[in-house]
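A short worksheet on the structure shown next.
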Amino acid sequence: MTQPMIQFDKVLKAYGALQVLKDLDFTVDKGEVVSIIGPSGSGKTTVLRVLMTLEPIQGGTMYVDGEPLNRMQANGELVDASAAHIRRIRSKIGMVFQSFNLFPHMTALENCNESPIYTQGKTKAEATEESMRLLDMVGLADKAGHYPSQLSGGQQQRVAIARTLAMHPEVLLFDEPTSALDPEMVGEVLEVIRELARSGNYTILLVTHQMGFAREVSDRVCFFDGGRMVEQGLPDDLFGNPQNERLQQFLSKVL
Ligand code: ADP
(Lines give C-alpha, C1' and ligand atoms only; values in the text may rest on other atoms or scores of the structure.)
Protein backbone atom coordinates (compact mmCIF):
# COMPACT_ATOMS: atom_id res chain seq x y z
CA MET A 1 0.00 0.00 0.00
CA THR A 2 1.38 3.42 -0.87
CA GLN A 3 1.76 5.96 1.86
CA PRO A 4 -0.70 8.86 1.72
CA MET A 5 0.73 12.30 0.92
CA ILE A 6 -1.51 13.91 3.51
CA GLN A 7 -2.98 12.23 6.54
CA PHE A 8 -5.13 13.70 9.30
CA ASP A 9 -5.28 11.38 12.28
CA LYS A 10 -8.02 12.32 14.74
CA VAL A 11 -7.29 16.02 14.32
CA LEU A 12 -9.09 18.29 16.73
CA LYS A 13 -9.23 22.02 16.08
CA ALA A 14 -11.15 24.39 18.31
CA TYR A 15 -11.53 28.13 18.62
CA GLY A 16 -12.28 28.47 22.31
CA ALA A 17 -15.35 26.36 22.96
CA LEU A 18 -16.16 26.04 19.25
CA GLN A 19 -14.95 22.70 17.88
CA VAL A 20 -14.29 23.24 14.22
CA LEU A 21 -12.62 19.93 13.30
CA LYS A 22 -13.85 17.01 15.37
CA ASP A 23 -11.41 14.10 15.45
CA LEU A 24 -10.94 14.39 11.72
CA ASP A 25 -9.54 11.38 9.88
CA PHE A 26 -8.74 12.23 6.30
CA THR A 27 -6.15 11.13 3.77
CA VAL A 28 -5.04 12.27 0.34
CA ASP A 29 -2.87 10.06 -1.83
CA LYS A 30 0.17 11.21 -3.72
CA GLY A 31 -0.88 12.80 -7.01
CA GLU A 32 -4.54 12.77 -6.07
CA VAL A 33 -6.80 15.76 -6.79
CA VAL A 34 -9.35 16.11 -4.00
CA SER A 35 -12.05 18.76 -3.66
CA ILE A 36 -13.67 19.67 -0.37
CA ILE A 37 -17.22 20.96 -0.57
CA GLY A 38 -19.73 21.78 2.14
CA PRO A 39 -21.77 24.54 3.74
CA SER A 40 -20.20 27.72 5.04
CA GLY A 41 -18.66 27.19 8.47
CA SER A 42 -18.24 23.43 8.07
CA GLY A 43 -14.46 23.62 8.57
CA LYS A 44 -13.24 23.39 4.95
CA THR A 45 -10.83 26.31 5.08
CA THR A 46 -9.65 25.23 8.51
CA VAL A 47 -8.45 21.92 7.04
CA LEU A 48 -6.12 23.87 4.75
CA ARG A 49 -5.05 26.39 7.39
CA VAL A 50 -4.03 23.79 9.96
CA LEU A 51 -2.16 21.84 7.28
CA MET A 52 -0.33 25.03 6.34
CA THR A 53 0.49 25.43 10.07
CA LEU A 54 -1.24 28.79 10.06
CA GLU A 55 -3.31 27.56 13.01
CA PRO A 56 -2.36 25.24 15.86
CA ILE A 57 -4.42 22.13 16.51
CA GLN A 58 -5.53 20.85 19.89
CA GLY A 59 -5.38 17.12 19.28
CA GLY A 60 -4.37 14.42 16.85
CA THR A 61 -1.54 14.44 14.31
CA MET A 62 -1.12 15.49 10.71
CA TYR A 63 1.36 13.71 8.47
CA VAL A 64 2.84 14.94 5.21
CA ASP A 65 4.47 12.24 3.11
CA GLY A 66 4.54 10.04 6.21
CA GLU A 67 6.24 12.59 8.45
CA PRO A 68 4.38 14.10 11.41
CA LEU A 69 3.81 17.80 10.94
CA ASN A 70 2.89 18.83 14.43
CA ARG A 71 3.96 16.10 16.80
CA MET A 72 6.83 13.65 16.94
CA GLN A 73 7.56 10.62 18.96
CA ALA A 74 10.31 11.25 21.51
CA ASN A 75 11.00 8.85 24.38
CA GLY A 76 7.65 7.25 23.76
CA GLU A 77 5.80 10.53 24.19
CA LEU A 78 4.29 12.88 21.65
CA VAL A 79 6.00 16.25 21.69
CA ASP A 80 5.71 19.23 19.41
CA ALA A 81 8.06 19.04 16.45
CA SER A 82 10.95 21.51 16.23
CA ALA A 83 10.54 24.66 14.17
CA ALA A 84 13.19 23.41 11.71
CA HIS A 85 11.35 20.12 11.26
CA ILE A 86 8.06 21.92 10.65
CA ARG A 87 9.70 24.29 8.15
CA ARG A 88 11.13 21.36 6.21
CA ILE A 89 7.80 19.51 6.01
CA ARG A 90 5.91 22.71 5.35
CA SER A 91 8.13 23.51 2.40
CA LYS A 92 6.43 20.65 0.55
CA ILE A 93 3.14 22.53 0.68
CA GLY A 94 2.03 25.64 -1.17
CA MET A 95 -1.22 27.48 -0.59
CA VAL A 96 -3.22 29.78 -2.83
CA PHE A 97 -5.58 32.05 -0.93
CA GLN A 98 -8.98 33.45 -1.75
CA SER A 99 -7.64 37.00 -1.61
CA PHE A 100 -4.38 36.47 -3.58
CA ASN A 101 -2.17 37.96 -0.82
CA LEU A 102 0.39 39.41 -3.22
CA PHE A 103 2.87 41.96 -1.89
CA PRO A 104 1.43 45.26 -3.20
CA HIS A 105 4.79 47.06 -3.44
CA MET A 106 6.36 44.36 -5.61
CA THR A 107 5.89 43.60 -9.29
CA ALA A 108 4.51 40.25 -10.43
CA LEU A 109 8.08 39.06 -11.06
CA GLU A 110 9.33 40.31 -7.69
CA ASN A 111 6.43 38.58 -5.94
CA CYS A 112 7.46 35.30 -7.57
CA ASN A 113 11.17 35.86 -6.86
CA GLU A 114 10.80 36.81 -3.20
CA SER A 115 10.74 33.40 -1.51
CA PRO A 116 13.14 31.58 -3.85
CA ILE A 117 15.74 34.30 -3.21
CA TYR A 118 15.16 34.94 0.48
CA THR A 119 14.24 31.50 1.78
CA GLN A 120 15.84 29.17 -0.75
CA GLY A 121 18.98 31.19 -1.39
CA LYS A 122 18.63 31.31 -5.17
CA THR A 123 20.45 34.00 -7.09
CA LYS A 124 18.32 36.71 -8.64
CA ALA A 125 19.17 35.39 -12.12
CA GLU A 126 18.17 31.82 -11.22
CA ALA A 127 14.96 32.93 -9.56
CA THR A 128 14.06 35.25 -12.44
CA GLU A 129 14.53 32.54 -15.05
CA GLU A 130 12.20 30.20 -13.15
CA SER A 131 9.66 32.93 -12.32
CA MET A 132 9.46 34.02 -15.95
CA ARG A 133 8.86 30.43 -17.00
CA LEU A 134 6.02 30.18 -14.48
CA LEU A 135 4.53 33.56 -15.37
CA ASP A 136 4.58 32.42 -18.98
CA MET A 137 2.83 29.20 -17.96
CA VAL A 138 -0.02 31.15 -16.36
CA GLY A 139 -0.16 33.43 -19.44
CA LEU A 140 1.33 36.52 -17.82
CA ALA A 141 4.92 36.82 -19.04
CA ASP A 142 4.05 40.21 -20.53
CA LYS A 143 2.83 41.45 -17.12
CA ALA A 144 6.00 40.58 -15.18
CA GLY A 145 6.80 44.26 -14.50
CA HIS A 146 3.27 45.16 -13.39
CA TYR A 147 2.29 45.81 -9.77
CA PRO A 148 -0.76 44.02 -8.33
CA SER A 149 -2.80 47.24 -8.51
CA GLN A 150 -2.22 47.28 -12.26
CA LEU A 151 -3.58 43.76 -12.69
CA SER A 152 -7.13 42.39 -12.73
CA GLY A 153 -8.22 40.02 -9.97
CA GLY A 154 -7.89 37.05 -12.29
CA GLN A 155 -4.38 38.11 -13.26
CA GLN A 156 -3.41 38.65 -9.62
CA GLN A 157 -4.61 35.17 -8.74
CA ARG A 158 -2.62 33.70 -11.61
CA VAL A 159 0.49 35.53 -10.34
CA ALA A 160 -0.26 34.12 -6.88
CA ILE A 161 -0.35 30.61 -8.37
CA ALA A 162 2.96 31.19 -10.18
CA ARG A 163 4.47 32.49 -6.95
CA THR A 164 3.34 29.36 -5.11
CA LEU A 165 4.76 27.09 -7.84
CA ALA A 166 8.11 28.90 -7.66
CA MET A 167 8.71 27.18 -4.30
CA HIS A 168 8.38 23.74 -5.94
CA PRO A 169 5.72 22.38 -3.60
CA GLU A 170 4.53 18.80 -3.91
CA VAL A 171 1.15 19.63 -2.40
CA LEU A 172 -1.02 22.52 -3.58
CA LEU A 173 -3.79 23.86 -1.39
CA PHE A 174 -6.41 26.09 -3.01
CA ASP A 175 -8.76 27.95 -0.70
CA GLU A 176 -11.76 29.04 -2.74
CA PRO A 177 -9.39 30.48 -5.35
CA THR A 178 -12.10 32.07 -7.48
CA SER A 179 -14.58 33.31 -4.90
CA ALA A 180 -13.13 36.84 -4.77
CA LEU A 181 -13.23 37.20 -8.55
CA ASP A 182 -15.68 38.83 -10.88
CA PRO A 183 -17.48 36.12 -12.85
CA GLU A 184 -15.72 36.88 -16.11
CA MET A 185 -12.33 36.15 -14.50
CA VAL A 186 -13.20 32.82 -12.95
CA GLY A 187 -12.55 30.84 -16.12
CA GLU A 188 -8.95 31.95 -16.63
CA VAL A 189 -8.00 30.92 -13.08
CA LEU A 190 -9.82 27.59 -13.29
CA GLU A 191 -8.01 26.90 -16.56
CA VAL A 192 -4.63 27.22 -14.79
CA ILE A 193 -5.78 24.95 -11.94
CA ARG A 194 -7.17 22.48 -14.47
CA GLU A 195 -3.76 22.28 -16.16
CA LEU A 196 -2.01 21.73 -12.82
CA ALA A 197 -4.49 19.00 -11.92
CA ARG A 198 -4.04 17.30 -15.29
CA SER A 199 -0.25 17.46 -15.13
CA GLY A 200 -0.23 14.80 -12.43
CA ASN A 201 2.75 16.58 -10.86
CA TYR A 202 0.95 17.69 -7.72
CA THR A 203 -1.19 16.45 -4.91
CA ILE A 204 -4.05 18.95 -4.88
CA LEU A 205 -6.55 19.81 -2.19
CA LEU A 206 -9.15 22.30 -3.36
CA VAL A 207 -11.84 24.00 -1.29
CA THR A 208 -14.41 25.26 -3.72
CA HIS A 209 -17.96 26.40 -4.30
CA GLN A 210 -17.61 25.63 -8.00
CA MET A 211 -19.41 22.30 -8.06
CA GLY A 212 -19.07 21.80 -11.82
CA PHE A 213 -15.34 22.35 -11.61
CA ALA A 214 -14.96 20.07 -8.59
CA ARG A 215 -16.80 17.35 -10.49
CA GLU A 216 -14.67 17.85 -13.57
CA VAL A 217 -11.14 17.96 -12.13
CA SER A 218 -11.28 15.88 -8.97
CA ASP A 219 -10.34 12.27 -8.46
CA ARG A 220 -12.40 12.37 -5.29
CA VAL A 221 -14.81 14.82 -3.67
CA CYS A 222 -15.30 15.14 0.09
CA PHE A 223 -18.37 16.66 1.69
CA PHE A 224 -17.80 18.34 5.04
CA ASP A 225 -20.50 19.24 7.49
CA GLY A 226 -20.10 20.41 11.07
CA GLY A 227 -16.36 19.71 11.26
CA ARG A 228 -16.61 16.17 9.98
CA MET A 229 -16.16 14.52 6.62
CA VAL A 230 -19.65 13.16 6.16
CA GLU A 231 -19.34 11.62 2.72
CA GLN A 232 -16.67 11.13 0.08
CA GLY A 233 -16.56 9.47 -3.26
CA LEU A 234 -15.85 9.61 -6.96
CA PRO A 235 -17.21 12.90 -8.35
CA ASP A 236 -19.95 11.27 -10.42
CA ASP A 237 -21.07 9.13 -7.47
CA LEU A 238 -21.03 11.93 -4.93
CA PHE A 239 -22.87 14.41 -7.14
CA GLY A 240 -25.01 11.90 -9.01
CA ASN A 241 -25.99 9.60 -6.18
CA PRO A 242 -25.47 11.31 -2.81
CA GLN A 243 -26.23 9.09 0.16
CA ASN A 244 -26.13 11.39 3.14
CA GLU A 245 -29.22 13.49 3.77
CA ARG A 246 -27.21 16.63 4.58
CA LEU A 247 -25.32 16.24 1.29
CA GLN A 248 -28.59 15.79 -0.59
CA GLN A 249 -29.93 18.99 0.97
CA PHE A 250 -26.71 20.86 0.27
CA LEU A 251 -26.63 19.81 -3.39
CA SER A 252 -30.30 20.65 -3.88
CA LYS A 253 -29.46 24.22 -2.85
CA VAL A 254 -26.25 24.74 -4.79
CA LEU A 255 -26.74 22.79 -8.02
P1 ADP B 1 -15.69 26.96 5.88
O2 ADP B 1 -14.38 27.12 5.15
O3 ADP B 1 -16.30 25.61 5.72
O4 ADP B 1 -16.67 28.05 5.58
P5 ADP B 1 -14.10 27.61 8.21
O6 ADP B 1 -13.10 26.53 8.26
O7 ADP B 1 -13.66 28.92 7.63
O8 ADP B 1 -15.39 27.09 7.44
O9 ADP B 1 -14.68 27.91 9.66
C10 ADP B 1 -15.21 26.91 10.47
C11 ADP B 1 -15.76 27.54 11.75
O12 ADP B 1 -14.68 28.11 12.49
C13 ADP B 1 -16.76 28.66 11.51
O14 ADP B 1 -17.75 28.55 12.48
C15 ADP B 1 -15.94 29.90 11.71
O16 ADP B 1 -16.74 30.96 12.18
C17 ADP B 1 -14.95 29.47 12.78
N18 ADP B 1 -13.67 30.20 12.72
C19 ADP B 1 -12.82 30.22 11.66
N20 ADP B 1 -11.73 30.97 11.93
C21 ADP B 1 -11.90 31.44 13.19
C22 ADP B 1 -11.10 32.26 14.06
N23 ADP B 1 -9.92 32.76 13.67
N24 ADP B 1 -11.61 32.52 15.29
C25 ADP B 1 -12.78 31.99 15.70
N26 ADP B 1 -13.57 31.22 14.93
C27 ADP B 1 -13.14 30.93 13.69
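G121 meets all of the listed conditions (1) assigned to a helix (DSSP H, G or I); (2) over 19 Å from the mean Cα position of the chain (by Cα) but one, namely (1). T27 - would you say it is free of Cβ contacts under 8 Å to residues at least 40 places away in the same chain and assigned to a strand (DSSP E or B)? Spelling it out, T27 is indeed free of Cβ contacts under 8 Å to residues at least 40 places away in the same chain and assigned to a strand (DSSP E or B). In the range 157-185, the residues that are touching a residue at least 40 places away in the same chain (Cβ under 8 Å) reach residues that are away from the ligand (no atom under 16 Å from the Cβ) and in a strand (DSSP E or B) with C-beta atoms within less than 6 angstrom, at least six apart or across chains, in these pairs: T164/G94; M167/G94; P169/I93; P169/G94; V171/I93; V171/T203; L172/G94; L172/I204. Note on the range 102-118: residues that are under 13 Å from H146 (Cβ atoms) and in a helix (DSSP H, G or I) amount to 5. Could you say whether any residue in the range 66-79 is over 15 Å from the mean Cα position of the chain (by Cα), at pLDDT 95 or above and farther than 18 Å from T203 by Cβ? No, the conditions are met nowhere in the range 66-79. So, K92, is that one without any contact (Cβ under 8 Å) to a residue 12 or more places away in the chain, surrounded by fewer than 20 Cβ atoms within 10 Å (Cβ to Cβ) and not hydroxyl-bearing (S, T, Y) or not? Spelling it out, it is not the case that K92 is without any contact (Cβ under 8 Å) to a residue 12 or more places away in the chain, surrounded by fewer than 20 Cβ atoms within 10 Å (Cβ to Cβ) and not hydroxyl-bearing (S, T, Y). Checked against the criterion of being closer than 17 Å to L190 by Cα and modelled with pLDDT of 95 or more, the candidates F213, F250, F239 yield just one match: F213.
Note on the range 5-19: residues that are farther than 17 Å from L205 by Cβ, within 14 Å of the ligand (Cβ to nearest atom) and not small (G, A, S) amount to 4.
Against the conditions (1) closer than 18 Å to G41 by Cα; (2) crowded, with 16+ Cβ neighbours inside 10 Å; (3) among the basic types (K, R), R215 satisfies every one except (1). Can we say T2 is hydroxyl-bearing (S, T, Y), within 16 Å of the ligand (Cβ to nearest atom) and not in a strand (DSSP E or B)? Answer is no for this residue. Of all residues in the range 36-64, how many are over 19 Å from H85 (Cβ atoms), over 17 Å from the mean Cα position of the chain (by Cα) and either more than 11 Å from the ligand (Cβ to nearest atom) or in a helix (DSSP H, G or I) (or both)? Qualifying residue count for the region: 2. Residue check: is T107 surrounded by fewer than 20 Cβ atoms within 10 Å (Cβ to Cβ) and either within 30 Å of M185 (Cα to Cα) or hydrophobic (A, V, I, L, M, F, W, C) (or both)? When the stated conditions are applied, T107 passes them. Quick one: is S149 more than 28 Å from L12 (Cα to Cα), hydroxyl-bearing (S, T, Y) and more than 16 Å from the ligand (Cβ to nearest atom)? Answer is yes for this residue.
The values are calculated or read from the model by the stated rules, or taken from the named source; none is laboratory data. Remember, it's a predicted structure, so these values are computed and weren't measured experimentally. Don't worry about glycine lacking a Cβ; one is built from the backbone with ideal geometry, like all the others, and counts go over all protein chains shown.
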